[in-house]
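Enquirer: Dumping the structure here so I can ask a few things about it.
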Amino acid sequence: MTNFKVTKSIFYQFLILMLVAVVFELINKGFVSSTLYNTIENTLFSMVLISPIYFIYNRKIQLLYSVLIYLLFAFFIYFEAVYFYLFETYLSASSIFVALDSNNTEALEFFKFYVDYKVIIFSILMLIVSVVSVLKFKSILSHFQKVSNGTLVQISIYILTVLMFLKFSTLIVYNFPYLMLKSTLEYSIESSKLGSYQTNKLGDFTNVSRPIQQDDEVYVLILGESTTRSHFGLYDYYRSTTPYLELLKEDLERYNDVISPHVYSIASLTKILTLGNYEDPNQISNGSIIQLANTANFETSWLSNQRPIGPYESLITKISLSSNKLKFLATTVAYHNNVLDQDLLPELDSVLSDNENSKKFIVIHLMGTHLNYVNRFTDSFNQFTDEPQANFKSVENFQKINNYDNAVLYTDYIVSEIIKRIKSLNTKSFVVYLSDHGEELFKDYNMAGHNEDIATKDMFDVPFLLWQSDKYKAQKKLTIDVDRPYMLDDLFHSLADLLAISAQEVDLSRSLFNQNFKNRKRIILKSSDYDVYFNSN
């Protein structure tokens, strides 16, 4: 057997993997052009991976290398195919970026939420193919012969040529290792930008001032999770998912056109809480609303029902480290961790009962309606069990929608309980509730979840509520226009306005509550105008 035949035999093992994956995609999702591009990229990349065996003379190392790159390639192909099956799109840097910030609990929840019998069958088939191929490698490579230096030069030129072609043809965007490396690098860069939040509690704001206040003050920002506006009863959803907030309706300002800048937590919250915005995303490192509140002599608290640690330190957690007080409820590694948002209420009570500082700014980070939705509410909130409205109908889809609406109902209860607690203090107070991003629920795609690669309107549209105490209203006059179009990457300025904190970095023309507010284009997905994009699609 010549070296060419050996190489061809090894390539066939890679090819079988690709064929199994492509057939799985075609059967379940049909043909799309990106399937062809991804297959071409995988074919060329597999040849690049195989070529280095010509440079390895030790038979054991050659076998080890061949098995290793084959198994890695099998994992790449498997992951791409399953991802395409779930979301009808191929992996991107942003989707891997999200995975880097996820913890073990979230990953296992994701697996349990999305995996069905088709994925299980495909997994078993890929495993069988991989094991059978690996067992053939020793026999195939036993025929391999050492080649001349001239041949090695030719192979080196070949590898370089293929890599350059992948790069300049843009097929590289389908390459899993490239995306992983690119995303890891981007994540590390973003993480380094936020590195000083723990040690620099006050930030570097200039000319910070605030009117002298004699009264007690308690201000709360509630950060929801994955809650779309269209499933909120307060926004005329056909189901009564917000009955508790309906009882407070007369005291609430319900904003009708607020969107998130992104459809995943890392990107949205790092902008929502900091000076970072679309025009200047690097400003995320230049100060947060927590640091500004610290500078204005507030006691700041961060109460979270989300785990603080991912593969790296969570970017969102880094921002929270500027707070005077921190409490994370979800810290266990076990996937059985189903901490409910109601467990945050005693923590809030503890912060409110502490009289060391009369001026408090509290951030409460809910688990909200984060998948797996069924884990986000107690049995008493399992109210929606009939067949829901859906554009993609199946028993499984109906169950997920019902669980999601029950989770919204439970969130409604939690938010209303927080407002009631603050109201009972009879102090100068406000409560702002919003969600970091929305969620798709079988409306535009046959899926539940959020993914910026296939962004839908419901992934961007979020509920936004403002409650104010009578004492706050008496001393702080806001400009209320609930129909103002607003993107949450400007929330820093709105919160500074609500807190009556002035600084050189605060721009009141970006405050939703200010008379000087100026409309701006709401740019999403790197370059698309939200108000045009969803009206033309």
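What follows is calculated from the coordinates using simple rules that are stated; it is not laboratory data. Remember, it's a predicted structure, so these values are computed and weren't measured experimentally. Using ideal geometry, Cβ is built from the backbone for each residue, glycine included, and neighbour counts are taken over all protein chains shown.
Enquirer: Just for the chain, what percent of DSSP beta bridges are antiparallel, to the closest 5?
Expert: 40 percent
Enquirer: Extension gain THR184-ASN28, at 0.36 nm per residue separation less the Cα-Cα distance, in nm?
Expert: Once the chain is fully extended between THR184 and ASN28, it gains 53.1 nm.
Enquirer: Then there's this: Using Cα-only point scatterers and the Debye equation, what is log10 of I(q)/I(0) for the stretch 3-188 at each q in 0.09, 0.14, 0.17 Å⁻¹, rounded to two decimals?
Expert: -0.36, -0.87, -1.20
Enquirer: Rank by packing, highest mean first: peptides 8-18, 361-371, 379-389, 317-327, with packing defined as the count of other Cβ atoms within 10 Å averaged across residues.
Expert: Going from most to least packed, we get 361-371, 317-327, 8-18, 379-389.
Enquirer: Could you pull out every whole DSSP H run in the chain that spans at least 15 Å of Cα extent along its own axis and averages 1.0 or higher on the Kyte-Doolittle scale?
Expert: 3-29, 59-87, 117-141, 149-168
Enquirer: Return the subset of LYS182/LYS325; LYS249/LYS476; LYS182/LYS271; LYS473/LYS518 for which the Cα-Cα distance in this structure is over 28 Å, preserving the input order.
Expert: LYS182/LYS325
Enquirer: I need the peptides 497-506, 245-254 ranked by packing, meaning the mean over residues of other C-beta atoms within 10 angstrom, with the highest value on top.
Expert: The peptides rank, most packed first, as 497-506, 245-254.
Enquirer: Then there is this: I need SER528, SER314 ordered by Cβ neighbour count within 10 Å, fewest first.
Expert: Placing the least packed residue first, the sequence is SER528, SER314.
Enquirer: If you don't mind, another one. Once amide H atoms are built 1.01 Å from N in the peptide plane, which residues 5 or more positions from ASP216, or in another chain, come under 5 Å H to H?
Expert: LYS428
Enquirer: Continuing with the same structure: Enumerate the lysines that LYS136 could reach by cross-link, defined here as Cα to Cα under 28 Å, with residues fewer than 8 away along the same chain left out.
Expert: List returned: LYS5, LYS8, LYS60, LYS118, LYS146.
Enquirer: Follow-up question, since we're still on this one. With label points built 7 Å along Cα→Cβ from the Cα atoms of VAL134 and VAL147, find their separation and express it in nm.
Expert: 2.6 nm
Enquirer: Run the simple label-point estimate for TYR12 and GLU396 please: 7 Å along Cα→C-beta, distance reported in nm.
Expert: It is 3.5 nm.
Enquirer: Extension gain ASP453-PHE4, at 0.36 nm per residue separation less the Cα-Cα distance, in nm?
Expert: Once the chain is fully extended between ASP453 and PHE4, it gains 157.6 nm.
Enquirer: Could you sort the peptides 409-415, 58-64, 177-183 by per-residue average Cβ neighbour count (10 Å cutoff), highest mean leading?
Expert: Listed from highest to lowest mean packing, they are 409-415, 177-183, 58-64.
Enquirer: Right, here's the next one. Work the Kirkwood hydrodynamic radius out for the stretch 218-533: mean of 1/r over every pair of different alpha-carbon atoms, inverted, in Å.
Expert: Taking every pair of different Cα atoms in the stretch 218-533, averaging 1/r and inverting gives 19.7 Å.
Enquirer: Assuming 0.36 nm per residue, please report the length gained on full extension of the stretch ASN355 to LYS476 beyond their Cα-Cα distance.
Expert: Result for the pair: 41.2 nm of gain on full extension.
Enquirer: Quick check: pseudo-label points 7 Å beyond the Cα along Cα→Cβ at ILE120 and ASN446, how many nm apart are they?
Expert: 2.0 nm
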